[in-house]
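Chemist: I am attaching a structure below and will ask some questions about it afterwards.
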Amino acid sequence: MKATMTEPTSEPLRITLDPPLEYDGVKYEELTFDFDGLTTADFQRAARAFVRRYHPGKKRMSRFIVGERYLSLIIAQVANDGKGTSGVPIGLIKGPLRRYYPRLETQLLEARREAIEAYLDGKEII
């Protein structure tokens, strides 16, 4: 069971794509990124997905990971296309949306810091 007692601190980041972007046969007009809803469990789940994708055969990473591929994976998982679909292909984040990456990464790292602080303060139960 997971419970979070922290309040969201900001509005989700919305990126409107004009003209709409088509990637792998899917048309994207707007993407929403809600980093405030992330918990330490979300980061742990992303770390496991990262290991499965980039280091098959290992059970977990042996070091603290904050590399670009790991962060891109989390950003792709957080994205919402406004049509009820959560998550987008990681290639969309690393390719056509590359120019937005620094802003997305900054917000993600801030959310990560807040999630870790909430966990250490005992405000979040995993």
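Chemist: Can you pull out the residues in region 56-81 that are modelled with pLDDT under 75 and surrounded by 13 or more Cβ atoms within 10 Å (Cβ to Cβ)?
Modeler: MET61, ILE65
Chemist: Could you count how many residues in region 7-47 are part of a helix (DSSP H, G or I) and surrounded by 13 or more Cβ atoms within 10 Å (Cβ to Cβ)?
Modeler: Of the residues in region 7-47, 10 are part of a helix (DSSP H, G or I) and surrounded by 13 or more Cβ atoms within 10 Å (Cβ to Cβ).
Chemist: Further, regarding this structure: Among the residues of region 88-124, write down those that are surrounded by 14 or more Cβ atoms within 10 Å (Cβ to Cβ) and outside any helix (DSSP H, G or I).
Modeler: VAL88, PRO96, LEU97, GLU124 - these are the residues of region 88-124 that are surrounded by 14 or more Cβ atoms within 10 Å (Cβ to Cβ) and outside any helix (DSSP H, G or I).
The values are calculated or read from the model by the stated rules, or taken from the named source; none is laboratory data. Since the model is a prediction, treat every value here as computed from it, not as a measurement. Note that each Cβ is placed from the backbone with ideal geometry, even for glycine, and that neighbours are counted across all protein chains shown.
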